[in-house]
1. Which loop chymotrypsin sites (Phe, Trp or Tyr not before Pro) in segment 8-100, with loop taken from DSSP, have no more than 16 other Cβ atoms within 10 angstrom of their Cβ?
2. Provide the gained length on full extension for the span Val100 to Ile158, in nm with one decimal, where the gain is 0.36 nm per separating residue minus the Cα-Cα distance.
3. By its C-alpha gyration tensor, with a ≥ b ≥ c as the square roots of the eigenvalues, how is segment 93-158 shaped: rounded for a/c under 1.5, else prolate for a/b larger than b/c, else oblate?
4. Segment 1-85: D in µm²/s via Stokes-Einstein (Kirkwood Rh, Cα pairs, 4 °C, 1.567 mPa s)?
5. So how exposed is Lys129, as accessible area in Å² (1.4 Å probe, rounded to 10)?
6. What full-extension length gain, to one decimal in nm, is calculated for Lys89 and Met1 as 0.36 nm per residue of separation minus the Cα-Cα distance?
7. Ranked from the most accessible area to the least, with a 1.4 Å probe and all protein chains present, what is the order of Ile107, Ile74?
8. Counting other C-beta atoms within 10 Å, and keeping those with at most 15, which DSSP coil GluC sites (Glu not before Pro) do you find in segment 1-99?
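The values are calculated or read from the model by the stated rules, or taken from the named source; none is laboratory data. On a predicted model such as this, the values are computed, not experimentally measured, just so you know. Please note: Cβ atoms are built from the backbone with ideal geometry, for glycine as well, and neighbour counts cover all protein chains shown. The accessibility values were calculated without ligands, DNA or RNA, using every heavy atom of the protein model including side chains. Shrake-Rupley method; radii C 1.70, N 1.55, O 1.52, S 1.80 Å.
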Amino acid sequence: MLENSIFAILSLFLVLGSLGMISFKHTIFSAFSFLLAMLALAGLFALLENSFLFLAQIMVSVGAVVVLGLMVVISLGSIEKNIPDEPYKFYWIGISTILVIPLALLIYKALTSLHAHFQETKEGYGELKYVGEKLFAEWVLPFEAVSVLLLSAMVGAIVIARKEEYFKKENYFDDHKQPEDTK
């Protein structure tokens, strides 16, 4: 009974965080809603007793993506005039929900009618030690490549956003004149 209550509370937080992420106009509130959704998802992984996914969700999604995203949002700042006017946003969200519900019900019915038995897993499969050995023995290069890619994307986004502010300085072009061609 306690597990069902915890599941219901975490699911409610997950749904509310997801709805807040798409419905708030300001990016900072959307980022905090995303943080709430990711924490609720980590709680669901903990409820399933999957320690690796719980820790990975906390460290990667919450610790890295959300916090770095919040840093970018806060450092760039959002001006009210740059936020787009979306008068039909909730209309499109409602239409999309109505279109997705039959598909979701069909998938639910198909999954509940399956009489498949899951294969037994090996001893220690999914534990932190096993995943760490596989990750750092066989997948270390792709792991590091993805981390460098994410870091360069974040730096690129900051540079692109700050470039406009940098060139708006009134004395930039006075200080950085191009040398005239001498013929």
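1. Filter output for segment 8-100: Phe24, Tyr88.
2. Numbers: separation 58, 0.36 × 58 = 20.88 nm, distance 3.52 nm.
Separation in residues times 0.36 nm, less the Cα-Cα distance, equals 17.4 nm.
3. Working: a/c = 4.93, a/b = 1.23, b/c = 4.00.
Oblate.
4. Values: Rh = 13.7 Å.
Estimated diffusion coefficient is 94 µm²/s.
5. 150
6. Values: separation 88, 0.36 × 88 = 31.68 nm, distance 3.84 nm.
Here the segment from Lys89 to Met1 would lengthen by 27.8 nm.
7. Numbers: Ile107 85, Ile74 115 Å².
Correct descending sequence by accessible area is Ile74, Ile107.
8. Details: sites: Glu3, Glu49, Glu80; in loops: Glu49.
Qualifying residues, ordered by number: Glu49.
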